[in-house]
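*Asks:* Handing you a structure now.
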Amino acid sequence: MEPISPVELYRARQRIQGLVRQTPLEYSPSLSRLLGAPVYLKLESQQITGSFKLRGASNAIAQLDDEQKARGVVAASTGNHGRALAHAARVLGVHATICLSQLVPGNKVQAIRELGAEVRIVGHSQDDAQAEAERIAREQGATLLPPFDHPQIIAGQGTLGLEILEQLPDVRQVLVPLSGGGLFGGVALALKHVDPSIRVHGISMRRGAAMAASLAAGHPVEVEELPTLADSLGGGIGLDNRYTFALARDYCDQLHLLDEPAIAAGIRHAYREERQVVEGAAAVGIAALLDGLIAPVGPVVVIVSGRNIAIEQHQQILEESAHG
């Protein structure tokens, strides 16, 4: 395995200009008061497809040659990668097939279909969806673009780290949702290349956190995929993981796991105090601050990774708080 060069992040930045949005970095008075240090929210929830995933998907498809583009692309997804890939494929004139498990929320499935991608729903886990994507790639010659463990996907997500450094050069801590590790690996690579003293926190849910279990074991392991408010963080990292496990192992300064009530509290805080509608996976950084897990050393940047939550679920979470 060749390590990913930080140079690839800068190339990706050039490649996806005009395909993605530079997202705002906003100061949070409420979280800054709580922590006792400046806290900023990197609102990737305001990306074109509603999550950071568009960066990696756009970079990966833009890398394909004409023959590969003609054969199309295929991927497994918990929702946001598929949505991003479908959007990028449509913009760049490429056919996309997205494989999803039955755990993926209906609003995310519908959004992918509306972007013109072919949708396959198979099995009850991300691993089942991945097996179907691999079968299609073998039989149809489509290019398999995984949601995280791919150099160009990682490099595309890493452009988010470059933006943070430009928007807040004196950042001291960054809180990154951690699942398969594409976002974490790319962002951490960007930050640590420029300043190794920046602390990078990986944050996930307690229910079925595959990367956390793999880091604890010292190698990739399988875990049972369980329903969680942070559904975008579900799924395995692959027993043959080539890139993201090593990036998380080498660059994660601290790992935090959150229970479901904490994630719900993060979603509520984002709405009530920050005026942001966010999905569970995007709320984990806020939740870690609310739970007092982060040292008061700033400036701190919280990556708010996406907004693609079913509005009915969002309303239910708000109402549950109102009723105690």
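The values are calculated or read from the model by the stated rules, or taken from the named source; none is laboratory data. It should be emphasised that the depicted structure is a prediction, and the values quoted were computed from it without experimental measurement. Counting neighbours? That spans all protein chains shown, and the Cβs are built from the backbone with ideal geometry, glycine included. In case anyone asks, the SASA skips ligands and DNA or RNA and just uses the protein heavy atoms, side chains included. Shrake-Rupley method; radii C 1.70, N 1.55, O 1.52, S 1.80 Å.
*Asks:* Listed residues V301, V297; which is part of a strand (DSSP E or B) and in contact with a Lys or Arg (Cβ under 8 Å, 6 or more places away or on another chain)? Explain how you work it out, then say what you get.
*Replies:* On the way: V297 fails: part of a strand (DSSP E or B).
After ruling out the rest, the residue left standing is V301.
*Asks:* Kindly indicate the residue of segment 165-185 that is in contact with a Phe, Trp or Tyr (Cβ under 9 Å, 6 or more places away or on another chain) and of a type outside the set (A, V, I, L, M, F, W, C) and also most open to solvent (accessible area, probe 1.4 Å) among those meeting that condition. Explain how you work it out, then say what you get.
*Replies:* To start, the set of residues in segment 165-185 that are in contact with a Phe, Trp or Tyr (Cβ under 9 Å, 6 or more places away or on another chain) comprises 167-168, 171, 176-185.
With the extra rule that they be of a type outside the set (A, V, I, L, M, F, W, C), the set shrinks to 167, 177, 179-182, 185.
Numbers: Q167: 63, P177: 9, S179: 23, G180: 6, G181: 5, G182: 5, G185: 0 Å².
Restricting to residues being in contact with a Phe, Trp or Tyr (Cβ under 9 Å, 6 or more places away or on another chain) and of a type outside the set (A, V, I, L, M, F, W, C), the top hit is Q167.
*Asks:* Could you pull out the residue among A288, A295 that is small (G, A, S), open to solvent by 30 Å² or more (accessible area, probe 1.4 Å) and closer than 23 Å to L168 by Cα? Steps first, answer last, please.
*Replies:* Details: A288 fails: open to solvent by 30 Å² or more (accessible area, probe 1.4 Å).
Answer to the selection: A295.
*Asks:* I've got another one for you. When you go through (1) part of a helix (DSSP H, G or I); (2) surrounded by 16 or more Cβ atoms within 10 Å (Cβ to Cβ) one by one for N308, which number turns out not to apply?
*Replies:* (1)
*Asks:* If I ask for residues that are touching a residue at least 40 places away in the same chain (Cβ under 8 Å) and either surrounded by fewer than 24 Cβ atoms within 10 Å (Cβ to Cβ) or within 27 Å of A270 (Cα to Cα) (or both), which ones from segment 60-80 would you list? Quick ask: steps written out before the conclusion?
*Replies:* First, the residues of segment 60-80 that are touching a residue at least 40 places away in the same chain (Cβ under 8 Å): 60-64, 68, 71-80.
Result: A62, Q63, L64, Q68, R71, G72, S77, T78, G79, N80.
*Asks:* Write out, first by first residue and then by second, each pair whose Cβ atoms fall under 6 Å of each other, whose residues are 6+ apart or on separate chains, and whose first residue, in segment 26-49, is closer than 14 Å to G285 by Cβ and in contact (Cβ under 8 Å) with a residue 24 or more places away in the chain while the second is open to solvent by 50 Å² or more (accessible area, probe 1.4 Å) and among the hydroxyl-bearing types (S, T, Y).
*Replies:* Y40/Y27
*Asks:* Also, quick follow-up: Does segment 152-164 contain any residue that is modelled with pLDDT of 95 or more, part of a strand (DSSP E or B) and either open to solvent by less than 30 Å² (accessible area, probe 1.4 Å) or within 15 Å of V304 (Cα to Cα) (or both)?
*Replies:* no
*Asks:* Just give me the residues in segment 14-54 being surrounded by 16 or more Cβ atoms within 10 Å (Cβ to Cβ) and among the small types (G, A, S), in sequence order.
*Replies:* S28, S32, A37, S45, G50, S51
*Asks:* Which of the residues spanning segment 210-247 are farther than 17 Å from A76 by Cα, modelled with pLDDT of 90 or more, open to solvent by 40 Å² or more (accessible area, probe 1.4 Å) and among the aliphatic types (A, V, I, L, M)?
*Replies:* Scanning segment 210-247 gives L215, A216, A217, V223.
*Asks:* Every residue in segment 171-217 that is touching a residue at least 40 places away in the same chain (Cβ under 8 Å), among the aliphatic types (A, V, I, L, M) and assigned to a loop (DSSP other than H, G, I, E, B), please.
*Replies:* The answer is V171, L178, A209.
*Asks:* Being assigned to a helix (DSSP H, G or I) and open to solvent by 20 Å² or more (accessible area, probe 1.4 Å) is the requirement here; does A57 meet it?
*Replies:* Values: assigned to a helix (DSSP H, G or I): yes; open to solvent by 20 Å² or more (accessible area, probe 1.4 Å): no.
No.
*Asks:* Let me ask you something else. Criterion first (surrounded by fewer than 16 Cβ atoms within 10 Å (Cβ to Cβ) and either in contact (Cβ under 8 Å) with a residue 60 or more places away in the chain or of a type in the set (A, V, I, L, M, F, W, C) (or both)) does Q110 satisfy it?
*Replies:* The answer is no for Q110.
*Asks:* Let me ask something else about it. Scan R11, R83, R90 and give me the residue that is surrounded by 20 or more Cβ atoms within 10 Å (Cβ to Cβ), of a type outside the set (S, T, N, Q) and touching a residue at least 24 places away in the same chain (Cβ under 8 Å). Can you show your working first?
*Replies:* Details: R11 fails: surrounded by 20 or more Cβ atoms within 10 Å (Cβ to Cβ); R90 fails: surrounded by 20 or more Cβ atoms within 10 Å (Cβ to Cβ).
Only one candidate qualifies: R83.
*Asks:* Residues that are within 24 Å of V278 (Cβ to Cβ): which strands (runs of 3 or more DSSP E) entirely in segment 66-149 hold 1 or more of them? Quick ask: steps written out before the conclusion?
*Replies:* Working: elements: 73-77, 96-100, 118-121.
Correct list: 73-77, 96-100.
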